[in-house]
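The values are calculated or read from the model by the stated rules, or taken from the named source; none is laboratory data. Not measured: the values here are computed from a predicted model. Positions of Cβ are generated from backbone atoms using ideal geometry, with glycine treated the same way; all protein chains shown enter the neighbour counts.
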Amino acid sequence: MTGPIRSAINGAARLSRVRRLLVWLWIANLLFALPLAFQVSASIERSIGASQVGRTLLERLDLIWHTEYQDASEGVSATLEPSQVGVGAFLDNLELWFSGEIFELDPGLIAAGALYALLWALLIGGALGYLQSGARPTLRGFFGSGGEFFFRFVRVTVLMAGLYYLVYRFSEWLFESLEYRTRDVTVEKSVLSVYLLAAALVVLLLVLVRMISDYAKVAIVMEDRRSALLASLRGVRFVLSHPIGTLGVVLIVGVAGLVVLYLYSLVAPGVGQSTWTTVVLAFLVSQLFLIARLALRLTLLGAELDLYERASPLAANADYD
Amino acid sequence: MLRRSGFRAGLLLAAIALIDPALSSAREPGGDVALSLRNANYEIDVRLDPEARLLHGRQTVVWRNVREAATDELWFHLYWNAWRNRDSTWMREDRYRGRSDRGDDVDRDDWGYLDVHSVRLAGGAELERRFAAPDDGNAADRTVMVASLPAAVEPGGEVRVELEWTAKVPRTFARTGFRGDYYFIAHWFPKLGVFEGDRWNCHQYHAATEYFSDYGTYDVRLTLPEDFVVGATGREVERRDNGDGTATHRYRQADVHAFTWTASPEYVELTRRFEVDGLPPVDMRLLMQPEHLSQADRHFNATSAALELYGKWYGAYPYGHVTVVDPAYGSGSGGMEYPTLFTCGTRLYNPFGGGRPEGVTVHEAGHQFWYGIVGNDEFNSAWLDEGLNTFSTGRVMHETFGANAWVKRYFRPPGTDSGGFLPVLFAEIRDPGVISSSRLSRYRNHATTDVPAHPTWRAHPGSIGNISYSKTAIWLATLENYLGWETLQPIMASFFERWKFGHPRPEDLFDVFDELAGQDLDWFFDQVFYDDVRFDYEIQSVKSVAVEAEGWFEGDAGLEFRPAGDEESSDEYRNEVVVRRLGEGRFPVEVLMVFEDGSEVRRRWDGQYRWTLLTERGPSKLEYAIVDPDRVLLLDTNFTNNSRRRESENRLPSVKWASKWMVWLQDLLATFASFV
């Protein structure tokens, strides 16, 4: 297990050398989300109008207003939920990711998610290049390498989409089958245990696809592979031939993620902000969590690069300015 | 608008029933005083074959005609035939109600039926029998059976018939059936309808209706595997080991209108005695799933709260015992009421403060009063028990447990009906009202989908629940706010006292209101019961103008022109509030005007015309106005437009909540990015 630990540490070290990447990715995330947030803000503003409800909403979430708002809203605006407060926002999305219901969201959100995924395919190329070289990032170099890998990364993503689809279909079949097979079990604890084991399997498969996708991109960056298919196959081979290392890295970063989530749960803003200062402060605290989440993602990529490099020392290194 | 006169006959019949000497003075051989007419009495001997999931039953029914007309027929409900095949009326309706009970997922062994082999007069000949479909003429429906008698049963006369039957226990439909070795058996035997006027009230089983029966005495012998723990309506009066691996449990209960039982080897039996000054004691028997033992106190406490507050508000629980059933996981039998027995419904993890299992326990315990003791016709007027009970549940919960926190259950395995296993309680987000926000929302979305006066069995099965439960509870809460609890409580108590062990009709409740409310409330019931109007009042505009404004005014030298002064320095303002009635519903409302100097003025408006202008002259500008500031009219379908500030302050709150949504969106985007 020393391999993945070392890679995880090295991954964090790589990120620390190119910290500004983190800021750029966060800004990209922030700017991408802003237009939709303005839309929702305007929608809430219209709903509140000049009513006294605005005062109430500064103190707490008025559930009667919320149901009226939801009943009257459509599209993206209707996705405002009480559970989006604090760590609930993360838990909601974790549930969407695990269940595959993320693809059943409002079409506007799916479109935004798809566009963001494309943007991410561009950004991650730039990020991987600098994580590999450790050079001081520049925007020109960042977008240069991002553009260089963009179409290959998109093709890898399309290939992985097929795998994700299969995993989600398998997941649905698995749980439906288990529900049927446990239909005479009268103890929730027993059923929950079975479901948790199944969930662990589904999560493992989702992580496996993610690892294949990551190592395919790593192979593209490090070996300048042109074929997304061959890079993906390289990713498959690498993951299967280094199961402890690849999975170990994910586990270590995952545990770090749990620690971050726990710490965030201690400071996560609730519903009581009633002044501009406290609203902004609450927003900034939440941004710290999102930055930490991005940092973990980059650390994972850095660790995967490190693991790949050490396992494939002859891999070609590309030069980046 | 439907007319109420059609129901007056019911009042007359009920009055006849009330003065029937059998009701108040009959003394059974055992010495107990009859609380009800006891005109539908059953002796049932049933054996469960757990391998084949079959019930083999023999029963004797003694029916006494308490009406003024004779009848030469007996009409029986055969409820379980609703799940005999897909052609039953229940299954047809279940398909279009949009909340399928079982959907297409029914295996061969999952179906149920109730097959009657024999119906004969006691010691006599076999009776002719046929199936009837009085509601929809569905020839394939087998949920109503008519047995023809050789001679009419005259008023006051009695008939004794013997039946033999076999029933296949279904995998749970409509809260009855099996899961593994857990059985919950309700509405399971051939059961008489109610003879009313000169005809039988015996409706087919519908997907969204419940039940209606006369009161009587049930004496039931249940033969089951000996390791089964049994719960049933009534008290166990005898248990006999048969020496063949089975045991026979005999339960007996008088003055009830149904008999339900449950059995499972897993139940853990707990008991506690409910004792509160001024109310008779009640032995509470809790049949708990072992994995829920840590929640036993919560079940007892909720049951006690219901017994105490319903007892104090409406009338005492008379049976002396109640069985509280914690159903098996996934059995689908939770949250249902039966005489002296009810099912709750909890999960392995249920944080305290989230309202469950307390809410469902209080509600089903409350049905012992509204349904059990006051036995309305649920086929035609389900709202009479569901609505009154939902309102009462809200009051008990509010008084006993306070505002519920919002709970979201995570880990919902895809493709399953399991619901979330892992709850998270959002302690800061609370539902403070007697009527929950979700119930208000359900009403809002179904306010005009059905008229409550329409018979329940004819209503759309997908929406009637919102009318029966939510709308009724909301108009009762509105009446409480309008009349005061000190007026409403005696009304409901009188209704309870007058109709306990009887079959009240809607008019009977309205009549009690007419008698005791001190005012005519027909205008209200015409809107909320006989119609489907929507209520919505709004403050359309709030303005303050300086009295000394610019323009031509009469002065010492005739008309003088005054230029615009400094409005802020004016010492008198004309404050104007325009209130609008947007819905068809009319209700008198108060309007609160709050001024910048902190002073307040309350004005009443009869709420009749489409709008009104309220003006107040004073030294201060208006800050805001609220129509119905105390939320008396809970039927209002839009509370947000009830208030208006002269100067809007909606930017900060909208930015605040949009920023929280944005954080969720940012995290969602990162989740989307994880697929790259």
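Criterion first (under 30 Å from residue A:270 (Cβ atoms) and aliphatic (A, V, I, L, M)) does residue B:473 satisfy it?
Spelling it out, it is not the case that residue B:473 is under 30 Å from residue A:270 (Cβ atoms) and aliphatic (A, V, I, L, M).
Is it fair to say residue A:161 is within 8 Å of chain B (Cβ to nearest Cβ), within 16 Å of the chain's Cα centre (by Cα) and under 30 Å from residue A:79 (Cβ atoms)? Spell out how you get there, then give the answer.
Details: within 8 Å of chain B (Cβ to nearest Cβ): yes; within 16 Å of the chain's Cα centre (by Cα): yes; under 30 Å from residue A:79 (Cβ atoms): yes.
The answer is yes for residue A:161.
Here is a check on your reading of the model: is residue B:501 in contact (Cβ under 8 Å) with a residue 12 or more places away in the chain and at positive phi? Steps first, answer last, please.
On the way: in contact (Cβ under 8 Å) with a residue 12 or more places away in the chain: yes; at positive phi: yes.
So residue B:501 passes the test.
Would you say residue B:186 is closer than 30 Å to residue B:106 by Cα, at pLDDT below 95, within 30 Å of the chain's Cα centre (by Cα) and in the same structural domain as residue B:112 (by TED's automatic domain parsing)?
Answer is no for this residue.
So which helices (runs of 4 or more DSSP H) are wholly in the range B:409-509 and hold at least 3 residues that are touching a Ser or Thr at 6+ places or on another chain (Cβ under 9 Å) and closer than 30 Å to residue A:194 by Cα?
Where helices (runs of 4 or more DSSP H) fall fully within the range B:409-509, none carries at least 3 residues being touching a Ser or Thr at 6+ places or on another chain (Cβ under 9 Å) and closer than 30 Å to residue A:194 by Cα.
Can you tell me which residue is farthest from residue B:345 (Cα to Cα) among those in the range B:260-287 that are crowded, with 22+ Cβ neighbours inside 10 Å and among the β-branched types (Val, Ile, Thr)?
My answer is B:282.
Yes or no, residue by residue, for (1) crowded, with 21+ Cβ neighbours inside 10 Å; (2) without any contact (Cβ under 8 Å) to a residue 12 or more places away in the chain; (3) more than 10 Å from every other protein chain (Cβ to nearest Cβ); (4) touching a helix residue (DSSP H, G or I) at 6+ places or on another chain (Cβ under 9 Å):
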| position | (1), (2), (3), (4) |
| --- | --- |
| A:175 | yes, no, no, yes |
| A:186 | yes, yes, no, no |
| A:192 | yes, yes, no, no |
| A:196 | no, yes, no, no |
| A:202 | yes, no, no, yes |
| A:211 | yes, no, yes, yes |
| A:219 | yes, no, yes, yes |
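Kindly list the number of the only condition in (1) crowded, with 24+ Cβ neighbours inside 10 Å; (2) away from chain A (no Cβ under 14 Å); (3) in a helix (DSSP H, G or I) that fails for residue B:398.
It fails just one condition, (1).
Considering every residue within the range B:206-226, establish whether at least one is assigned to a loop (DSSP other than H, G, I, E, B), farther than 21 Å from residue B:321 by Cα and among the aliphatic types (A, V, I, L, M).
Yes.
Across the range B:288-305, which residue is surrounded by the fewest Cβ atoms within 10 Å (Cβ to Cβ) among those that are among the hydrophobic types (A, V, I, L, M, F, W, C) and away from chain A (no Cβ under 13 Å)?
Going through the qualifying residues, I end up with B:296.
Just checking, how many residues over the range A:174-210 are in a loop (DSSP other than H, G, I, E, B) and of a type in the set (D, E, K, R)?
Result for the range A:174-210: 2.
Filter the range B:29-82 for residues that are buried (at least 18 other Cβ atoms within 10 Å of the Cβ), assigned to a loop (DSSP other than H, G, I, E, B) and touching a Lys or Arg at 6+ places or on another chain (Cβ under 9 Å) and give the result.
If we filter the range B:29-82 for residues that are buried (at least 18 other Cβ atoms within 10 Å of the Cβ), which is where we start, we get B:34-42, B:44, B:46, B:48, B:53, B:55, B:57, B:59, B:61, B:63-67, B:71, B:73-82.
If we keep only those that are assigned to a loop (DSSP other than H, G, I, E, B) too, we end up with B:34-39, B:53, B:65-67, B:78.
Listed by number, the residues that qualify are B:34, B:35, B:36, B:37, B:38, B:39, B:53, B:78.
Can you find a residue that is among the hydrophobic types (A, V, I, L, M, F, W, C), part of a helix (DSSP H, G or I) and at the interface with another protein chain (Cβ under 9 Å from one of its Cβ atoms) anywhere in the range A:132-149?
no
Can you tell me which residues in the range A:91-102 are without any contact (Cβ under 8 Å) to a residue 24 or more places away in the chain and under 10 Å from residue B:672 (Cβ atoms)?
Of everything in the range A:91-102, those that are without any contact (Cβ under 8 Å) to a residue 24 or more places away in the chain and under 10 Å from residue B:672 (Cβ atoms) turn out to be A:93, A:96, A:102.
Return only the number of the condition from (1) under 24 Å from the mean Cα position of the chain (by Cα); (2) within 14 Å of another protein chain (Cβ to nearest Cβ) that residue A:276 does not satisfy.
Checking residue A:276 against (1) under 24 Å from the mean Cα position of the chain (by Cα); (2) within 14 Å of another protein chain (Cβ to nearest Cβ), the one that fails is (1).
Inside the range A:1-109, counting only helices (runs of 4 or more DSSP H) that do not spill past its ends, which hold 2 or more residues that are at the interface with chain B (Cβ under 7 Å from one of its Cβ atoms)?
A:19-48, A:53-59, A:63-72, A:88-99
Among the residues of the range A:224-232, is there at least one that is facing another protein chain (nearest Cβ under 9 Å), buried (at least 18 other Cβ atoms within 10 Å of the Cβ) and farther than 22 Å from residue A:115 by Cα?
Scanning the range A:224-232 turns up no residue that is facing another protein chain (nearest Cβ under 9 Å), buried (at least 18 other Cβ atoms within 10 Å of the Cβ) and farther than 22 Å from residue A:115 by Cα.
Can you find, within the range B:481-498, the residue that is nearest to residue B:312 (Cα to Cα) among those that are in contact (Cβ under 8 Å) with a residue 40 or more places away in the chain and among the charged types (D, E, K, R)?
If we take residues in the range B:481-498 being in contact (Cβ under 8 Å) with a residue 40 or more places away in the chain and among the charged types (D, E, K, R), then B:497 is nearest to residue B:312 (Cα to Cα).
Based on what the data block shows, is residue B:239 over 25 Å from residue B:384 (Cβ atoms), free of Cβ contacts under 8 Å to residues at least 12 places away in the same chain and of a type outside the set (A, V, I, L, M, F, W, C)? Steps first, please.
Working: over 25 Å from residue B:384 (Cβ atoms): yes; free of Cβ contacts under 8 Å to residues at least 12 places away in the same chain: yes; of a type outside the set (A, V, I, L, M, F, W, C): yes.
Here the answer is yes, as residue B:239 does meet what is asked.
Can you find, within the range B:443-464, the residue that is surrounded by the fewest Cβ atoms within 10 Å (Cβ to Cβ) among those that are within 14 Å of chain A (Cβ to nearest Cβ) and free of Cβ contacts under 8 Å to residues at least 60 places away in the same chain?
This residue is B:445.
Among the strands (runs of 3 or more DSSP E) confined wholly to the range B:578-676, which include 2 or more residues that are in contact (Cβ under 8 Å) with a residue 60 or more places away in the chain and either hydroxyl-bearing (Ser, Thr, Tyr) or crowded, with 21+ Cβ neighbours inside 10 Å (or both)?
B:622-627, B:643-645
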